[in-house]
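The values are calculated or read from the model by the stated rules, or taken from the named source; none is laboratory data. Everything numeric here is computed off the predicted structure, so don't read it as measured data. Heads up, the Cβs are rebuilt from the backbone with ideal geometry, glycines too, and the neighbour counts pull from every protein chain shown. Accessible surface is based on the protein model in full, side chains and every heavy atom, while ligands, DNA and RNA are left aside. Shrake-Rupley method; radii C 1.70, N 1.55, O 1.52, S 1.80 Å.
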Amino acid sequence: MITDFQFREGEKEYFQRIFPQAQRIVVTTHKSPDGDAAGSATALVGILRALGKQVTLIFPDTLPDFLKWLPNLDGYMIYEWETTKADIAIDEADLIFSLDYNRLHRVGSALEQKLRSKTTDFVLIDHHEEPEAFACVTYSHTRACSTAELIYAWAEQMDWLQWIDEAVGTSIYCGIMTDSGSFRFASVTASVHRLVADLKDRGVNHVAIHQAVYDSNLLDRMRLVGYAISEKLHLLQDGKVAFISLTQEELLRFKYRPGDTEGLVNQALSVEGVQLAAFFREGNNEIKISLRSRGTVDVNQFAAKHFGGGGHKNAAGANSHMLMEQLLEYFEAHISEALSSNP
Ligand code: 5GP
Ligand code: MN
């Protein structure tokens, strides 16, 4: 075995006995799909189609342009725009996969409501802390670097690695690469590298994937990032905290498109001496908060306590209905907690 995320009791039996009877399958991910959500989902879709299933892939909202090249996206639906069509697929489904999210509210309130109304079997595959108990199989391993890694682990344990062709491998690679900061986070183990070596043997072109995701910037996006770093990056707490905020007016000025601010919070964290970084992006009715930290500084707890959000210890997120000015004041007033609780 390359991966070591064993099935728990009853999980393999489910996939051997019950899963084969499911013909129509829906695959869902969290809101604002990132490289791991879209990568793990398209990898799973490829495997399920190879197994002869009729699959519908539903994203809660729009997919950023830098992921639209992924294989096995054909026929995907955006719930926000195609609610009626997507609802029919959900109503007709024998089984629903929940990928890369630990709690149903992460799909956004409209899709959450729809999913909660169903008694259909759910299978959750995810790597976030404390999964909500809504699925009949909760294949959740928080040590996994990405959900995409768990798709490979799932296929390996089912003895289905033959279905990981170049296209499926490409999606898995994309998920692992984006969620592991291009293979640099602590979650990247020797077995992740072995897995990637196996993907290379299956024909995956890593150069093309890095290029499609990271080297396909529009000039407006580059200027937005430049502006955010040069004009909007501020330090607090003797340089231990960095934050960037962008209002709708600023985003509009640079023709913002979904995904354009991806990675900006990591840039803030990369400043020497910074232990915690925050990014605030104003949307239509709420502000999206992204938090990152180093070492023992725990942003998961901070996001949960102050903003009802969550994620992982060193990468968490939340949404807030405060106005930007209030939110930044609130952040400034409370952020020392996140530093001092973890000396
Ligand atoms: P990002 O800042 O990249 O959007 O998210 C960082 C991490 O926090 C990811 O693991 C993501 O799943 C989690 N996360 C982001 N937004 C939210 C949120 O609103 N609620 C919760 N519970 N987790 C979030
Ligand atoms: Mn993920």
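Observations on the structure shown:
- Among strands (runs of 3 or more DSSP E) entirely within segment 228-343, having at least 1 residues that are free of Cβ contacts under 8 Å to residues at least 60 places away in the same chain and more than 30 Å from THR142 (Cβ to Cβ) singles out 233-236, 241-246, 276-282.
- Options ILE58, ILE47, ILE18: the member that is in a helix (DSSP H, G or I), closer than 23 Å to ALA133 by Cβ and of a type in the set (Val, Ile, Thr): ILE18
- Answer from TYR139, TYR79 - the residue that is away from ligand 1 (no atom under 16 Å from the Cβ) and touching a Pro at 6+ places or on another chain (Cβ under 6 Å): TYR79
- Hits in segment 95-139 - residues which are assigned to a helix (DSSP H, G or I) and free of Cβ contacts under 8 Å to residues at least 60 places away in the same chain: LEU104, HIS105, SER109, ALA110, GLU112, GLN113, LYS114, ARG116
- Residue in segment 197-209 that is over 14 Å from GLY39 (Cβ atoms), of a type outside the set (Phe, Trp, Tyr) and either within 16 Å of ligand 2 (Cβ to nearest atom) or touching a helix residue (DSSP H, G or I) at 6+ places or on another chain (Cβ under 6 Å) (or both) present: yes
- Residue among LEU233, LEU224, LEU218 that alone is closer than 15 Å to GLU332 by Cα and not charged (D, E, K, R): LEU233
- The condition (being buried (at least 18 other Cβ atoms within 10 Å of the Cβ) and of a type outside the set (A, V, I, L, M, F, W, C)) is satisfied by just one residue among GLU286, GLU282, GLU250: GLU282.
- Members of segment 95-126 that are within 16 Å of ligand 1 (Cβ to nearest atom), open to solvent by 40 Å² or more (accessible area, probe 1.4 Å) and small (Gly, Ala, Ser): SER109, ALA110
- Among (1) in a loop (DSSP other than H, G, I, E, B); (2) touching an Asp or Glu at 6+ places or on another chain (Cβ under 7 Å); (3) at negative phi - the single one ASN217 does not satisfy: (2)
- The residues on offer are GLU129, GLU92, and the sole one that is open to solvent by 50 Å² or more (accessible area, probe 1.4 Å) and at pLDDT below 95 is GLU129.
- Put simply, of GLU156, GLU132 the only residue that is of a type in the set (D, E, K, R) and within 14 Å of ligand 1 (Cβ to nearest atom) is GLU132.
- Selection from segment 143-201 of residues that are open to solvent by less than 10 Å² (accessible area, probe 1.4 Å) and either part of a loop (DSSP other than H, G, I, E, B) or in the same structural domain as SER293 (by TED's automatic domain parsing) (or both): ALA144, CYS145, SER146, ILE164, SER180
- SER320 vs. criteria within 23 Å of ARG223 (Cβ to Cβ) and either away from ligand 2 (no atom under 16 Å from the Cβ) or within 20 Å of the chain's Cα centre (by Cα) (or both): no
- Residues in segment 31-59 that are open to solvent by 10 Å² or more (accessible area, probe 1.4 Å) and within 16 Å of ligand 2 (Cβ to nearest atom): 3 in all.
- Any hit, segment 266-277, residues being modelled with pLDDT of 95 or more, within 25 Å of ALA144 (Cα to Cα), within 11 Å of ligand 1 (Cβ to nearest atom) and open to solvent by less than 60 Å² (accessible area, probe 1.4 Å): yes
- Total residues in segment 301-318 satisfying the condition of being closer than 19 Å to SER187 by Cβ and within 8 Å of ligand 1 (Cβ to nearest atom): the figure is 7.
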